[in-house]
């Protein structure tokens, strides 16, 4: 009896874990094409490099007329006021910078510390034209 | 660069670490467990530990971190290992030779789905966790750009870098991939996280199989590889860029090798020591794991009646203590040259008097631990399930595995709790780190349940 219950518990634990893992697997599999053909995020991957190279890298990867959108988890702050957004943002000027909230959190509320640093709230994706996207969460 | 070329490059880099591990294994550190796949997993962990450690030592000696250096650090053990005429135990274990039952095939499928998910995510989705990108990968990028471990990026106080004193083992492993590949793309280096999880699963499987058989061993490996905190959580799991899964791999392998050392498996004591040193040089938290490991070995040596086993534990304790202390001294030597910056050295703030002052926080801290155990969004029902399994089978509390792991887990949790009690914004700190502490403890916790899981398969000790 106890052994049967134990097997049931073990099966339930594994089933739940596999379901959650499988969901991640499906998402990663769907993402192959997106990142294979349009590796938007890669344009900024590695940009947090040595400070002497940073400006050069930004100039090479993002023309001054482009906009940059930081995709942030809604309700979260992705690093907080001391995070690297402001650090990157200072170097991105005069490019337009936006943050776009995605995910299950509260989306209708602007993030004051991002606004204070000149990173604008992007309510609708179209407003930024065809931006470079810095994604912190799945788009 | 096209996607398939990237995949090939990342597989090649991962294979390189396995080859380095195999070289060291033939030279000095034989794999304690039989079996081909087990050996490859052990080699992976050894390579992940010893290649960056070699680069760290060479960097401290002033060698420039460039491609010739990385290739030499990787190539010398590989070539020396190939030349060594030691009997290589690439043999199949008897259990491997027998066919898998249907249940075992299912469990193996779960292991492969978990590893496949981590591999696919790491090879597809750009790094999206904060610390992975802005702390750990930044260090790797700095190292790969020609800055040595004592370069200005680390030692010049006017340079900006978050957490400058974090240990460099994990960033050096990634940096060596960037240097050899000639590109600093995190997607290539993240195959190493998959490699670490696969290596840990192999070692967990090998050590459990010795006493509980293959089905139990596969079950524990399946519990580990499908744990959603590892496979689906970027802020701490194996699909992110944090150092915690790597620390979990080294600390887990150290505790498993320490347990094997009790049975005097050849190479187990040395492996225990090397992985304990690796844990110390991966994260500051590794100190707690090394202390816990020594506590477990000391307790086992004291309580063990069998003289041969007692000697095995004592030998492992001596090797682990010597190598872990050497690692601490090495870290201290390096970090002395690095300005403190905004490094939150929480462990350094812990004072006994402060613990007493803040004792009123203890119920809240305990509640947070409970909250994490029940955090289905990280863990599914893994922790409640494991606890229920332990409660169902009272024999677990008398099992050798549980008694060995208990002092280790107690020390790690006690150190973490002490840090939380004294931290200024302790609730905020707990919210972002408590899950990662449990990730570090997961391999040992799963191993501790060998007895009840073995009981489910009719394999009592």
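The values are calculated or read from the model by the stated rules, or taken from the named source; none is laboratory data. Here the structure is a predicted model, which is why all the values come from computation and not from measurement. So basically every Cβ, Gly included, is an ideal-geometry build from the backbone, and we count neighbours across all protein chains shown.
Points to keep in mind about this one:
- Among (1) more than 13 Å from chain A (Cβ to nearest Cβ); (2) surrounded by 24 or more Cβ atoms within 10 Å (Cβ to Cβ); (3) more than 20 Å from the chain's Cα centre (by Cα), the one test that residue B:155 misses: (2)
- Which numbered condition residue B:320 fails, given (1) under 24 Å from the mean Cα position of the chain (by Cα); (2) not in a helix (DSSP H, G or I): (2)
Each row is one residue, and each column tells you yes or no for (1) free of Cβ contacts under 8 Å to residues at least 12 places away in the same chain; (2) at the interface with chain A (Cβ under 7 Å from one of its Cβ atoms).
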| position | (1), (2) |
| --- | --- |
| B:114 | no, yes |
| B:117 | no, yes |
| B:120 | yes, yes |
| B:123 | no, no |
| B:131 | no, no |
| B:139 | no, no |
| B:150 | no, no |
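Per-residue answers, yes or no, for (1) modelled with pLDDT of 95 or more; (2) surrounded by 23 or more Cβ atoms within 10 Å (Cβ to Cβ):
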| residue | (1), (2) |
| --- | --- |
| B:407 | yes, no |
| B:427 | no, no |
| B:432 | no, no |
| B:449 | yes, yes |
| B:457 | no, no |
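- Residue in region B:357-374 that is at pLDDT 95 or above and outside any helix (DSSP H, G or I) present: yes
- Residue B:184 vs. criteria outside any helix (DSSP H, G or I) and either under 30 Å from residue A:16 (Cα atoms) or within 14 Å of another protein chain (Cβ to nearest Cβ) (or both): yes
Per-residue answers, yes or no, for (1) within 25 Å of residue B:215 (Cβ to Cβ); (2) modelled with pLDDT of 95 or more:
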{"residue": "B:69", "(1), (2)": "no, yes"}
{"residue": "B:73", "(1), (2)": "no, yes"}
{"residue": "B:76", "(1), (2)": "no, yes"}
{"residue": "B:93", "(1), (2)": "yes, no"}
{"residue": "B:98", "(1), (2)": "yes, no"}
{"residue": "B:112", "(1), (2)": "yes, yes"}
{"residue": "B:121", "(1), (2)": "no, no"}
{"residue": "B:129", "(1), (2)": "no, no"}
{"residue": "B:135", "(1), (2)": "no, no"}
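- Among the residues of this structure, residue B:445 counts as one that is within 14 Å of chain A (Cβ to nearest Cβ) and either in a helix (DSSP H, G or I) or touching a helix residue (DSSP H, G or I) at 6+ places or on another chain (Cβ under 9 Å) (or both).
- When residue B:279 is tested against (1) closer than 21 Å to residue B:386 by Cβ; (2) under 13 Å from the mean Cα position of the chain (by Cα), just one condition goes unmet, and that condition is (1).
- Restricting B:258, B:253, B:299 to residues that are surrounded by fewer than 24 Cβ atoms within 10 Å (Cβ to Cβ), assigned to a helix (DSSP H, G or I) and away from chain A (no Cβ under 14 Å) narrows the list to B:299.
- Residue ID - surrounded by the fewest Cβ atoms within 10 Å (Cβ to Cβ), chosen from residues in region A:1-21 that are closer than 19 Å to residue B:458 by Cβ and more than 7 Å from chain B (Cβ to nearest Cβ): A:1
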